[in-house]
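Enquirer: Could you have a look at this structure, given as structure tokens, before my questions?
Please treat every number below as a calculation from the coordinates, not as lab data. Just so we're clear, the structure is a prediction, and the values are computed from it rather than from any experiment. Cβ atoms come from the backbone with ideal geometry, glycine included; neighbour counts cover every protein chain shown.
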Amino acid sequence: MADAALQAENSSGEPPLDPRIEALVNEVIGRVADKWTMIVLEVLEEHGELRFTRIGELAGGISQKMLTRTLRQMERDGLVVRTVHPVIPPRVEYRLTDMGHSLSAAFCGVWSWAEAHLDRIETARQAFDARRSA
């Protein structure tokens, strides 16, 4: 039924939305909205190729289990490359792919927006909270 509504909305002559793209966008937003994905993305953008332990140190507060899960999902999505170096003990490093860098750049805009509007957002929140408590 939602598809019919989307088709009707597009009766203005625009091509219909590709449901695969819509699903991907929803999935990526859900994943990237995840706190740890954003933090790992930022760490790798700022520091380049890193070992697992160093990513965890720089991410601050992430468990090994959550870091493993986050990196695996990012690797599956093509955002990071995992490199195993054939040395003893094994050395595993992670780095952003071109897609990972481009996603990081896209979210840099959100960061810039938040920085530019911080005072206004805080003022709006204080006004809202004051109205609610009155």
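Enquirer: Counting alpha carbon pairs within less than 8 Å and at least 6 residues apart, what relative contact order, in whole percent, applies to the range 45-134?
Expert: Dividing the mean separation by the residue count of the range 45-134 yields 26 percent.
Enquirer: Taking θ = phi - 60°, what integer Hz values does the Karplus form 6.51 cos²θ - 1.76 cosθ + 1.60 yield along the range 69-84, in sequence order, with x for Gly and Pro?
Expert: Result, rounded to whole Hz: 4, 5, 5, 4, 5, 5, 5, 4, 7, x, 8, 10, 10, 9, 10, 9.
Enquirer: What is the chain by shape, rounded, prolate or oblate, if you read a ≥ b ≥ c off the alpha carbon gyration tensor as root eigenvalues and call it rounded for a/c under 1.5, prolate for a/b larger than b/c, and oblate otherwise?
Expert: In terms of gyration-tensor shape, oblate.
Enquirer: List the residues, sorted by chain then number, that are 5 or more residues from residue 97 or on another chain and whose placed amide H is less than 5 Å from its amide H.
Expert: Residues meeting the criterion, in which the H sits 1.01 Å from N, are 80, 81.
Enquirer: Mind pulling the angle between the C-alpha long axis of helix 98-133 and the longest principal axis of the chain? Nearest 10 degrees, somewhere in 0 to 90.
Expert: 50
Enquirer: While we're here: Could you check the spin-label model distance between residue 97 and residue 111? Points 7 Å from the Cα along Cα→Cβ, value in nm.
Expert: In this crude spin-label approximation the distance works out to 2.2 nm.
Enquirer: Another one. Residue 96: net charge of surrounding residues, Cβ under 10 Å, Lys/Arg +1, Asp/Glu -1, itself excluded?
Expert: Result for the local shell: -2.
Enquirer: May I pose another question? Which value at 222 nm does the chain reach when only helices count, each DSSP H run of 4 or more adding -39,500 (n - 2.57), with the total divided by all residues and rounded to the nearest 500 deg cm²/dmol?
Expert: For the chain, the value works out to -22500 deg cm²/dmol.
Enquirer: Let me ask you something else. Determine the sum of side-chain charges near residue 62: Lys and Arg each +1, Asp and Glu each -1, restricted to other residues whose C-beta is under 11 angstrom from that of residue 62.
Expert: The answer is +2.
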